[in-house]
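Chemist: First, the structure itself, so that you have it in front of you.
The values are calculated or read from the model by the stated rules, or taken from the named source; none is laboratory data. Just so it is clear, the model here is predicted, and its values are computed rather than measured. Note that we place each Cβ from the backbone using ideal geometry, even for glycine, and neighbour counts take in every protein chain shown. Side chains are part of the model used for accessible areas, which takes the heavy atoms of the whole protein and leaves out ligands, DNA and RNA. Shrake-Rupley method; radii C 1.70, N 1.55, O 1.52, S 1.80 Å.
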Amino acid sequence: MVCCGVNPALTAHSCFFTGRSARLRLRHIFRPLLRSEQFSRRLFRTACSSQPESRSSDSSNKFFLTTPLYYVNAAPHMGSAYTTIAADAIARYHRLRQKQVTFVTGTDEHGEKIAESARAKGVEPQQHCDGIVDSFKALWEQLDIQYDVFIRTTEEKHQAVVNEILQRVDQQGDIYRANYEGWYCVGCEQYKDDGEMEANHVCPLHKAPCVQRKEDNFFFRLSRYQQQIQDLIEKNPSFVQPASRRNEVLGWVRDGLRDFSISRAAVAWGFPMPQDSAQTVYVWFDALLGYASALLPPGEAASSENLQKRGWPANVHLVGKDILRFHAVYWPGMLMSAGLPLPEKIFAHGFLTKDGMKMGKSLGNILEPGPLVAAYGHDAVRFFFLKEVIFGQDGDFQEERFRNIVNAYLANTLGNLVNRCLGLLKKNCDSTFPADAASLDASHPLRLAAAAEVAKVAAAYEACALHEAADGAMAVAVRANKFVDESAPWTSFKKGSQEDKETAAQVLLAALEAARIASVMLSPITPATSGRISAQLGFSDEDPACNTWEGTAWGGIRKGQQVPAPQPVFARIECDFVTAPAGKAAAKQAAVPA
């Protein structure tokens, strides 16, 4: 279950053994001599082969990123929307840089929880999955998500990749059969240690008793890759980001890696194990391989050569912090065993809360993305979450603050800058630019301010610091507004000499050029608003001054360029609130000391 969201326990889908309550009884265990110096060196070379300095020149212009594959036990929530908005912004930035981008998203559709959800609705699991997938695709369209591949783990081509990798891993001696016994929470789809349960083996999240289970399953020998994974994370600081998450992962790894189950005997909804068709492939070993099957056409082998020519490995896997262990520890081990290059970066973001509290149906404070987008538009939603939530940390949504932020920046700052300057241009210059923006002096304050922020914003996008990218773009608009206020061109147009009027026209030229550059920098986050600004400034959709990163260089506006009649590029939000405030239960929870 490769998923992410607000509630970590709902997505914890593991079968590894960490304590006294999960007693591992091994049989038919084959323990080859695996820790030779030669073997360790070979594994570490494989682990590091995808780091930036090792990527081939042929792949230097490619950029491959993924969201998690979202679990389809229920319709998409704001947590999954948040991850996907962030991924889309990163993908759009790299497209501006003229890179060959492959942006993969999709759904994880197997597992016990899916079967239960389908049973509760009185439908077959596949029918349930199809309906939920439709809701994901509809929401991505609402949010203006431009993904390249949507992979579903129920696809035949995905099953072929899973079978191929399982066979390859088995040939490495990394799969064995064993018995296990432990306390299992069906809601979490996770085995629980004694310390993870309340009295009488009750799950603290679902408030339901865990069930005692004992099964004969297949296991992946993750412990074999202990040193290689530890070396990878210790010697490659950028592999897990942000730094706080890297430290967390190092703690897990140094504590000792344990083998984990990769099959289920009691779950029918899943691919059959090639080694024993009576068992199904456990969701993590299934879903993580969706990143590979997404790149391959049906029938093409999942070889390193085939994957690399299609953009493998990923430059960035974006995940929620609740599924970081599976991506930063289990995923590298799986790839090492299969002989495939590792991703460059695993970036884990935080959780979202509403009105300062954890979201939950019982609290009546669930934040549904669909109504939010329908009421405010996708650019408002994208802008707020990417600007106001520090990417990598937890963030909170309050509707009043949401409206204030969007109005202050998109309507009052950027929108008003464009509208008032175009209005003055129409009234005093016949809606025609009097000169090339490039003709303005190199020491012009707006030209210097824009150049400084462009460099910062590019670095921010590269580092997945989306909040910093938004701040940098808006800083140019703020500076341009201040420049216009200080220059007061309306006074010069009304009462000044001919020279004063020419200077006033140059003020408009400089301010609108700064607005253009700000809109290009902001376009990965607010594509529709930036597009409207480009059109208002008289640019076509194909003009590189507005649809490539090179357009952030000063000088895009040309002498004689005409603009249409001014229209608001972003209207102020003044409608009624659309999200429900926290109810009495939430208020009661907030009153209880942590």
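Chemist: Starting from the 7 Å offset along Cα-to-Cβ, what nm value, one decimal, do you get for the label separation of residue 452 and residue 199?
Modeler: 6.3 nm
Chemist: Suppose R0 equals 25 Å; then what is the FRET efficiency for residue 138 and residue 572 from their Cβ-Cβ distance, rounded to the nearest 0.05?
Modeler: 0.35
Chemist: Turning to a different aspect of this structure: Taking the chain as the reference, fit the longest principal axis to its C-alpha atoms, fit the long axis of helix 498-522 to the helix C-alpha atoms, and give the angle between the two in degrees, 0 to 90, nearest 10.
Modeler: Result, in degrees: 10.
Chemist: Taking N as the number of residues in segment 78-138, what is its Cα Rg relative to 2.2 N^0.38 Å?
Modeler: Rg over 2.2 N^0.38 Å, computed on Cα atoms: 1.49.
Chemist: Can you give me the solvent accessible area of residue 577 with a 1.4 Å probe, rounded to the nearest 10 Å²?
Modeler: 120 Å²
Chemist: Here is a further query. Mind ranking 177, 224 by accessible surface for me, highest first, 1.4 Å probe?
Modeler: 177, 224
Chemist: Taking the solvent-accessible surface of protein heavy atoms with a 1.4 Å probe, what is the per residue accessible area of the chain in Å²?
Modeler: Normalised by residue count, the accessible surface of the chain is 40 Å².
Chemist: Same structure again: Using helices alone, I'd like the mean residue ellipticity at 222 nm for the chain: each DSSP H run of four-plus residues gives -39500 (n - 2.57), total over residue count, nearest 500.
Modeler: -13000 deg cm²/dmol
Chemist: Once you have a ≥ b ≥ c as the square roots of the Cα gyration tensor eigenvalues for segment 471-559, tell me rounded if a/c is under 1.5, and otherwise prolate or oblate according to whether a/b is larger than b/c.
Modeler: Taking the square roots of the gyration eigenvalues as a ≥ b ≥ c, segment 471-559 is prolate.
Chemist: Gain in length, residue 490 to residue 156, computed as 0.36 nm per residue apart minus the alpha-carbon separation, to one decimal in nm?
Modeler: Contour length minus the Cα-Cα distance gives 113.7 nm.
Chemist: In the calculated pair distance distribution of the chain, what percentage of Cα-Cα distances lie above 42 Å?
Modeler: Every Cα pair in the chain considered, those over 42 Å come to 30 percent.
Chemist: OK, next. For segment 286-363, what is the per residue volume of the convex hull drawn over the alpha-carbon atoms, in cubic angstrom?
Modeler: Dividing the Cα hull volume of segment 286-363 by its residues yields 127 Å³.
Chemist: How much length would be gained if the chain were fully extended between residue 306 and residue 405, taking 0.36 nm per residue of separation minus their Cα-Cα distance, in nm to one decimal?
Modeler: 31.0 nm
Chemist: Using alpha carbons only, how many angstrom separate the centre of segment 106-168 from the centre of segment 401-434?
Modeler: Their Cα centres are 44 Å away from one another.
Chemist: At R0 = 45 Å, how high is the FRET efficiency between residue 459 and residue 121 if r is their beta carbon distance? Nearest 0.05 is fine. Numbers along the way, then the final one.
Modeler: Numbers: r = 48 Å, r/R0 = 1.06.
That gives a FRET efficiency of 0.40.
Chemist: Calculate the FRET efficiency for residue 250 and residue 223 from the Cβ-Cβ distance with a Förster distance of 25 Å, rounded to the nearest 0.05.
Modeler: 0.90
Chemist: First check a/c for segment 217-305, with a ≥ b ≥ c the square roots of the eigenvalues of its C-alpha gyration tensor; if it is under 1.5, answer rounded, and if not, answer prolate when a/b is larger than b/c or oblate otherwise.
Modeler: Note, shape of segment 217-305 comes out oblate.
Chemist: Please give, to one decimal in nm, the separation of the simple spin-label points placed at residue 559 and residue 181, each 7 Å out from Cα toward the Cβ.
Modeler: Going from the residue 559 label point to the residue 181 one covers 8.9 nm.
Chemist: Please list 208-214, 414-420, 266-272 highest first by mean number of surrounding beta-carbon atoms within 10 Å per residue.
Modeler: Highest-to-lowest ranking by the protection proxy: 414-420, 266-272, 208-214.
Chemist: Of the accessible area of the chain, with the probe set at 1.4 angstrom, what percent is carbon plus sulfur?
Modeler: 50 percent
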